[in-house]
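What follows draws every value from the coordinates through simple rules; no lab data is involved. Keep in mind that what you see is a predicted model, and the values were worked out from it rather than measured. All Cβ positions, even for glycine, are placed from backbone atoms using ideal geometry, and neighbour counts span all protein chains on display.
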Amino acid sequence: MSNTASINTKAKSSVEKALQETLANSFMVYFKTHSFHWNVEGAHFHSLHGMFEEQYNEIWAALDDIAERLRALDAYAPLNFATLSKHAAIDETGQMPDAMSMVKMLADDNAALVSQMQDAVIVAQEAGDEATADLLIGRIAAHEKAAWMLRSTAK
């Protein structure tokens with residue numbers, strides 16, 4: 001059972017930083033997925049449009065859980081995109097990619113997010129914050145599945 005009072009100040013700060021990074025990177029993947037949903041074209045339009053929609057809806061719901069976990073730790077969620085993006089390692093899309101480039105980009109972004117969250121799980125577990133670790137483990141499974149679906153589509 002997680003008790004934020006039992007997490008020491010340094011460990012709590014590390015968990016908060018890991019959650020801020022998870023929130024920022026998740027939001028970047030959400031936004032890319034949603035913008036690709038809006039802009040995808042070509043022979044695979046219908047299937048990609050639908051897959052992107054399923055994925056961005058799933059991520060959107062998770063963003064709230066991540067931000068609320070920050071609040072449960074008495075940290076604040078970002079109030080603007082500039083603050084949010086300072087914590088992101090996943091880059092924005094600079095230009096309009098073709099459909100298969102979108103798929104490959106999102107597969108890579110989901111895999112990068114999984115890697116970042118795996119590190120965050122270790123931080124949470126070392127701090128004794130099993131609630132955060134549990135949340136992140138669930139998110140890892142969701143993004144591993146998304147990456148697999150995207151990689152399979154790109155073949």
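Hey, got the dipole for the chain? About the Cα centre, +1 on K and R Cβ, -1 on D and E Cβ, debye to the nearest 20?
Rounded to the nearest 20 debye, it is 180 debye.
Dipole magnitude of the stretch 84-151 about its Cα centre, charges +1 at Lys/Arg Cβ and -1 at Asp/Glu Cβ only, in debye to the nearest 20?
Here the size comes out at about 240 debye.
Below 12 angstrom from the Cβ of ALA61, what's the summed charge of the other residues (Lys, Arg +1; Asp, Glu -1)?
Summing Lys and Arg as +1 and Asp and Glu as -1 gives -4.
What is the helix-to-structure angle for 45-72, meaning the angle in degrees between its Cα long axis and the longest Cα principal axis of the chain, kept from 0 to 90 and rounded to the nearest 10?
The helix 45-72 is inclined about 10 degrees to the chain.
Return ARG151, ARG71, ARG139 ranked ascending by Cβ neighbour count within 10 Å, so the fewest neighbours appear first.
Ascending number of Cβ neighbours within 10 Å: ARG71, ARG151, ARG139.
Pairing the Cα long axis of helix 130-154 with the longest principal axis of the chain, what angle in degrees results, from 0 to 90 and rounded to the nearest 10?
Orientation of helix 130-154: about 10 degrees from the principal axis.
Just to confirm the number: angle between the C-alpha axis of helix 9-39 and the first principal axis of the chain, 0 to 90 degrees, nearest 10?
Long axis of 9-39 versus the principal axis of the chain: about 10 degrees.
Treat the count of other C-beta atoms within 10 Å as a stand-in for reagent exposure and order ILE140, ILE122 from fewest to most.
Lowest to highest Cβ neighbour count: ILE122, ILE140.
Cβ under 14 Å from PHE45's Cβ, PHE45 left aside: what net charge do those residues give with Lys, Arg +1 and Asp, Glu -1?
In short, -3.
Given Cα pairs under 8 Å that are at least 6 residues apart, what percent is the relative contact order of the chain?
Result for the chain is 35 percent.
Tally Lys and Arg at +1 and Asp and Glu at -1 over the other residues with C-beta under 15 Å from the C-beta of ALA111: what net charge comes out?
0
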